[in-house]
Amino acid sequence: MTEIGHFIDGARVAGTSGRQADVFNPATGQVSARLSLASEAELQKAVDAAKAAQPKWAATNPQRRARVFIRFVELLNAHMDELAELLSAEHGKTVEDSKGDIIRGLEVCEFVIGIPHLIKGEFTEGAGPGIDMYSMRQPVGIGAGITPFNFPAMIPMWMFAPAIACGNAFILKPSERDPSVPMRLAELMMEAGLPKGILQVVNGDASAVEAILKHPDIGAVSFVGSTPIAAHVYAEATRHGKRAHTFGGAKNHMIIMPDADLDQAANALIGAGYGSAGERCMAISVAVPVGEKTADALVEKLIPKIEALKIGPYTDSAADYGPVVTKASQQKILGLIDKGVEEGAKLVVDGRGFKMQGYEDGFFVGSCLFDHVTPDMEIYRQEIFGPVLSVVRAKTYEDALDLPTRHEYGNGVAIFTRDGDAARDFAARVPVGMIGINVPIPTPLAYHSFGGWKRSSFGDLNQHGPDSIKFWTRTKTVTSRWPSGIKEGAEFSMPVMR
Ligand code: NAD
């Protein structure tokens, strides 16, 4: 049995807390590794190593810091197959999908190769007589990141790439479901030339998170996961005086206007609803056709496509999606499907009886489609995080717009239409952070920032892109005056420039 410990001060170390958790292969349902869960003392070791290493790293010029990422990107490409296999074996998603997970993180590493330019401050010459003013961005010091199971490569890289490029040391607490890729990423960063102590992985559960949140030497906390934990982490981190931004759950709608290309819309819904078994925070889980005619035609197109989806283990390269991550997730999803039936939604594709031949103990869930879902139903209000799509029929465009407007979550949303006016109006009015116009999963690229609205995110600054440079640095502004600009005598009134 593989034992997974932590990555502290440049090397893998065994866990010493005596507490462990099982890591599963979701396709077989078998335990594949035992993961050590960190104690406060183990977190302290990581903080000690970070404190020792960070000042020198911050003083390393930004071009040299960027070069570590140039080499790291090369290593990620060289190890792509190995990393994708490792990821799929613990997450369950297909190998191609795992490559997408890695590549989306790699792109953030490419973005931070521009750190010498990104971190430049501002300068005003002659702000007053003999006075110059400049601002600079300095690292926060030690940052921490707490990440979810669904993107075990991309989300750690969203966080550690800008944090480290900005001159911080970083402590990553990955999901306990799929910790192997984060551990490999730390090893590859060392191979790329990162000094020890700058990136560390402390594996653990809620108690490791609590230790991070109250640690006085950790200055900034980034979190991605479910909304209740995101709200808790934001409150606790800020209560302890830390900078924090935390990202939570989602219920992403796709509005289908009567003029939309319905084949395109149906294909988009299939990919965005069932890809990765629906375990994406940007998955589309609600389709909102406008008008009965659009709804009937869309559902008619969706049914055969959903019935034809191929479910399989990650080793099957023809599979469209794999199992969900744990037995508990599988049970929760199946429970919510039953609830939807009880509440009166029409289950037009019923995947509840699905069994994967040869993988009977795997955590598979068959594809489901609900029609005639209404906003009061549990399956509409909750994030299901499984291969289940709900159709909510809207009479008019305004009724359709009202749905994502009123929903608790505001992560992503899409509209499919040929009408530029409608698309423009929708993008301007819908209170959601990321909008797709004929794009079902509008995940911004690395050089823009990622984040939702409402209870999908807490705090001001988003992930990656320009916001990440602001999040991982503090601004310092210097005002200087040289003797030629200094008047004789003391000045007692508030200095103003006139
Ligand atoms: P989760 O909230 O269960 O876990 C996330 C992290 O929090 C893990 O590292 C976990 O160890 C830790 N954690 C769990 N319980 C905790 C507790 N009581 N106290 C402190 N820490 C705790 O989320 P998950 O199941 O791993 O991931 C799925 C969720 O993440 C979904 O809700 C999904 O929408 C969301 N997500 C959001 C985004 C986004 O950018 N908004 C991106 C990806 C995933």
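The values are calculated or read from the model by the stated rules, or taken from the named source; none is laboratory data. What you are looking at is a predicted structure, and each value in this text was computed from that prediction instead of being measured. So basically every Cβ, Gly included, is an ideal-geometry build from the backbone, and we count neighbours across all protein chains shown. Only protein heavy atoms, including side chains, enter the accessible area calculation; ligands, DNA and RNA are left aside. Shrake-Rupley method; radii C 1.70, N 1.55, O 1.52, S 1.80 Å.
When a 1.4 Å probe is rolled over the protein heavy atoms, the share of accessible surface on the chain that falls to carbon and sulfur comes to 52 percent.
Just how many % of Cα pairs in region 346-462 lie over 16 Å apart, if you round to the nearest whole percent? Write down the numbers at each step before the final one.
Numbers: 4705 of 6786 pairs.
When every Cα pair of region 346-462 is considered, 69 percent fall beyond 16 Å.
Loop-located chymotrypsin sites (Phe, Trp or Tyr not before Pro) across region 387-472 with a Cβ neighbour count of 12 or fewer within 10 Å are lacking, with loop assigned by DSSP.
Local charge for L43 was computed over the other residues whose Cβ lies under 11 Å away, with Lys and Arg +1 and Asp and Glu -1, and equals -2.
Size check on region 252-437: the Cα extents along the three principal axes, sorted descending, read 51, 31, 29 Å. To the nearest whole percent, what portion of all C-alpha pairs in the chain is separated by more than 29 angstrom? So the portion of pairs separated by more than 29 Å is 53 percent.
Count the net charge of all other residues whose Cβ sits under 12 Å from the Cβ of A27, scoring Lys and Arg as +1 and Asp and Glu as -1. Each step should come with its number before you reach the end.
Details: positive: K93; negative: E90, D316, E360, D361.
With Lys, Arg at +1 and Asp, Glu at -1, the net is -3.
Please give every one of the aspartates and glutamates within straight-line cross-link reach of K120, meaning a C-alpha to C-alpha distance under 16 Å, and leave out same-chain neighbours fewer than 8 residues apart. Partners found: D467. Structural size metrics of region 50-98, computed from C-alpha coordinates, are Rg and Dmax of 15.8, 42 Å. So which trypsin sites (Lys or Arg not before Pro) in region 420-496 pass both tests, a DSSP loop state and at most 16 other Cβ atoms within 10 Å of the Cβ? Those that pass, being in a loop and sparsely packed, are K487. Sorted largest first by accessible area at a 1.4 angstrom probe radius, with every protein chain in place, the residues T60, T479 fall in the order T479, T60.
Under the simplified labelling scheme, the K196-M494 pair shows an inter-label distance of 5.4 nm, with each label point 7 Å from Cα along Cα→Cβ. For region 109-229, the Kirkwood estimate of the hydrodynamic radius, built from every pair of different alpha carbons, is 15.8 Å. Which of the lysines could a cross-linker bridge to K395, judged by Cα under 26 Å and excluding same-chain residues fewer than eight apart? Reachable lysines: K251, K293, K301, K305, K339, K346, K454.
Convex hull volume of the Cα atoms in region 339-400, per residue, in Å³? Spell out each step's value before the answer.
Values: hull volume 5.8 nm³, N = 62.
Measuring per residue, one finds 94 Å³ for the Cα hull of region 339-400.
Here the mean projected area of the convex hull built on the C-alpha positions of region 1-145 is 11.9 nm².
How large is the Kirkwood hydrodynamic radius of region 317-367, counting all unique pairs of alpha carbons, in Å?
Numbers: mean 1/r = 0.0839 Å⁻¹.
Result for region 317-367 stands at 11.9 Å.
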